[in-house]
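Asker: Before I ask anything, let me first share the structure, which is written out below as structure tokens.
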Number of protein chains: 2
Amino acid sequence: MGVTPPIWLLPEAPRRQRGLDRDGIVRAAIALGDEGGADAVTMRAVATAVGSSTPMSLYRYVHNRDGLVDLMLDAAMAEVDVPAEPGADWRADVLAVARSSWAMTGRHPWFAELVHSRPPAGPNSLRKQEFLLAVFEKAGVALPTARGFAQLVDGHVLGSALQQAEERKMWRANDFRSIDDVKAVAEQWFDAGHAATLYPRITQLFTSMMSADAVPESPDEQFELGLACLLDGIAQRI
Amino acid sequence: MGVTPPIWLLPEAPRRQRGLDRDGIVRAAIALGDEGGADAVTMRAVATAVGSSTPMSLYRYVHNRDGLVDLMLDAAMAEVDVPAEPGADWRADVLAVARSSWAMTGRHPWFAELVHSRPPAGPNSLRKQEFLLAVFEKAGVALPTARGFAQLVDGHVLGSALQQAEERKMWRANDFRSIDDVKAVAEQWFDAGHAATLYPRITQLFTSMMSADAVPESPDEQFELGLACLLDGIAQRI
DNA sequence: ACCTCCTTGTGTACATCGTACAGTGCGTGT
DNA sequence: ACACGCACTGTACGATGTACACAAGGAGGT
């Protein structure tokens, strides 16, 4: 309905783009996530990042969002250093893989947020899992038990990563620029008068955290502490 | 524009509802989440659950969705048994709180999914945290170190809970009714021929899991294992 | 060289989500 | 009896994932 307007008024058909491919899409999605967290990885954002005018272009290559996420996760897992064979010291092997994983999640804060939404069945995920199983098996642990141990280590890495990701997300959401901004907001949330009597220890930690010369708690230290405790416990069971 | 139609054709104004309150809303939201997971807790669903025709009714009471989530989380945390004072045995105290928390997350599968989206600043969350700090302090640990230990325990509970929540979500999403349904789908995903050479140990675990008389791996056992390992490691550092 | 087809990118459209804004009916205080 | 204001309602908007039909342009056959 309606008369077709003269052609000069109609915008020219936009130049077509060629040469999209799965790898470029995944790379763009990862870059987006590295910078803005998991929330920044929307199909539309990825599409414009690869120069496409519509999110639908991506669907030919990654099937759907879950597929894209799976590819992102596996690409990130590929960055984890996994030896071909277990070495002489099981503890050193586990430590190395755990630390390499932790370093990866530090580089890709979206990883922890997204891994919980998909089953970890990518090849690189399996490779890491297989290695941990081999390490524990070589240390004399039966396979089912080894699975339990490996899952423990994995769980610790992912849990720590998730906590770190939350923290970063909060910094982004509130546009925090330095630790001082955090302190300013924290002070508002925490009504010291009320809390001091009910939660004296938390209050004490809080005030010492608010002091000018406070050493910022390091996620790395907490990660290492948990890992060490876990491995000690495992060692007692081998 | 347009003539007003005769009144009999217009639907009568729906009866107004009175007596919404925050408690009822939170309770309804929790019931929804218990049954359908975090995804089922939409403002619209909660609104219809409390008999309101529009989600906007809720906003007077819970401010926004984040507020509702905060209230849900704190209500769930209230179910965790936290003694008033530490007992004689620090390990028993920590075990009891951890297990009570784990039981709670089992009852409320949405908890683990949602807790990661909000800072844990509710009063019941603080109460539990304060207790754990007191327990470790009584055991002779300096407060900053105690915080590290408490966070470790907390992290393990939440990590285990999250894993369990994912699994339940997958059951819901694929409408699994029994373990056999899981096996049927797993068989498709896992191309045994390819994996057998690359991941022999995973394959072995997989086939033993697929066998008819396989004992299903229990999340509780895994939780207890991790907790025990963690506490062993902590014990060595006290 | 031309016609045809298949691959691949595009545009439009819809359901669902959270929630802003402007009413509107009822209980209540005067 | 009257008006005020609280508590609820309806409509609407922007964001998200994605289904569907279409169009451009290279590839292959003649």
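The values are calculated or read from the model by the stated rules, or taken from the named source; none is laboratory data. Only a predicted model underlies this, so the values are computations on that prediction, with no experimental measurement involved. All Cβ positions, even for glycine, are placed from backbone atoms using ideal geometry, and neighbour counts span all protein chains on display. Keep in mind that these areas ignore ligands, DNA and RNA; they rest on the heavy atoms of the full protein, side chains included. Shrake-Rupley method; radii C 1.70, N 1.55, O 1.52, S 1.80 Å.
Asker: Report the accessible area of B:ASP220, computed with a 1.4 Å probe over the heavy atoms of all protein chains in place, in Å² rounded to the nearest 10.
Answerer: The value for B:ASP220 is about 80 Å².
Asker: Summing Lys, Arg as +1 and Asp, Glu as -1, what charge do residues with Cβ under 13 Å from the Cβ of B:GLY67 carry, B:GLY67 excluded? If you can, show how the numbers build up before the last one.
Answerer: Working: positive: B:ARG22, B:ARG60, B:ARG65, B:ARG118; negative: B:ASP66, B:ASP70, B:ASP74.
Net charge around B:GLY67: +1.
Asker: Between the stretch A:109-141 and the stretch B:63-101, how many Å separate their Cα centres?
Answerer: The stretch A:109-141 and the stretch B:63-101 have Cα centres separated by 31 Å.
Asker: Per residue of A:125-133, count partner chain C-beta atoms within 10 Å of its C-beta, then hand back the mean as an integer. Let's see the in-between values first.
Answerer: On the way: counts 0, 6, 3, 0, 4, 8, 2, 1, 6.
Taking the mean over all residues of the peptide, I get 3.
Asker: Roll a 1.4 Å probe over the protein chains and send me the accessible area per residue for the stretch A:14-62 in Å².
Answerer: Numbers: 3170 Å² over 49 residues.
Solvent-accessible surface per residue comes out at 65 Å².
Asker: Sticking with this one: Per residue of chain A, what 222 nm ellipticity follows from adding -39500 (n - 2.57) for every DSSP H run with n ≥ 4, rounded to the nearest 500?
Answerer: Details: 12 runs with 159 residues, N = 238.
Calculated from helices alone, the mean residue ellipticity at 222 nm is -21500 deg cm²/dmol.
Asker: Just in the stretch B:133-238: which GluC sites (Glu not before Pro) are loop by DSSP and have at most 14 other Cβ atoms within 10 Å? Please report the intermediate quantities before stating the final value.
Answerer: On the way: sites: B:GLU137, B:GLU166, B:GLU167, B:GLU187, B:GLU217, B:GLU221, B:GLU224; in loops: B:GLU217.
Hits after loop and neighbour filter: B:GLU217.
Asker: Count of lysine pairs in the protein assembly as shown with Cα atoms under 21 Å apart, counting only pairs 8 or more residues apart in sequence or on different chains?
Answerer: Values: A:LYS128/A:LYS138; A:LYS169/A:LYS183; B:LYS128/B:LYS138; B:LYS169/B:LYS183.
Taking the Cα cut-off of 21 Å, the pair count is 4.
Asker: Just reorder B:LYS169, B:LYS128 by solvent-accessible area, largest first, 1.4 Å probe, all chains present.
Answerer: Values: B:LYS169 65, B:LYS128 10 Å².
Most to least solvent-accessible, the answer reads B:LYS169, B:LYS128.
Asker: Let me ask you something else. Let's see if you can work this out: charge +1 on each Lys and Arg Cβ, -1 on each Asp and Glu Cβ, no other charges. What is the dipole magnitude of the protein assembly as shown about its Cα centre, in debye to the nearest 20?
Answerer: Values: 46 positive and 62 negative charges, 280 e Å.
My answer is approximately 1340 debye.
Asker: So what J values fall out for the stretch A:139-155 if you push phi through Karplus, 6.51 cos²θ - 1.76 cosθ + 1.60 with θ = phi - 60°, rounded to Hz, Gly and Pro as x?
Answerer: With the stated coefficients, the stretch A:139-155 comes to 7, x, 9, 5, 4, x, 5, 4, 4, x, 4, 4, 5, 4, 4, 4, x Hz.
Asker: If you don't mind, there's one more thing I want to ask. In bins 5 Å wide, starting from 0, what share of all Cα pairs of chain A does each bin hold, as a percent?
Answerer: So the P(r) values, bin by bin, are 1, 5, 11, 13, 12, 12, 11, 10, 9, 6, 4, 2, 2, 1, 1, 0, 0.
Asker: Go through the stretch A:203-215 residue by residue and turn each phi into a ³J(HN,Hα) via Karplus (6.51, -1.76, 1.60, θ = phi - 60°); whole Hz please, and just put x for glycine and proline.
Answerer: 4, 4, 4, 5, 5, 5, 6, 7, 5, 4, 9, 5, 7
Asker: Mind telling me which of A:GLN163, A:GLN151, A:GLN188 comes out most flexible in a GNM of chain A, alpha-carbon contacts under 10 Å?
Answerer: A:GLN188
Asker: Can you give the FRET efficiency to the nearest 0.05 for B:THR54 and A:SER117, using r as the Cβ-Cβ distance and R₀ = 35 Å?
Answerer: Details: r = 30 Å, r/R0 = 0.86.
Efficiency for this residue pair is about 0.70.
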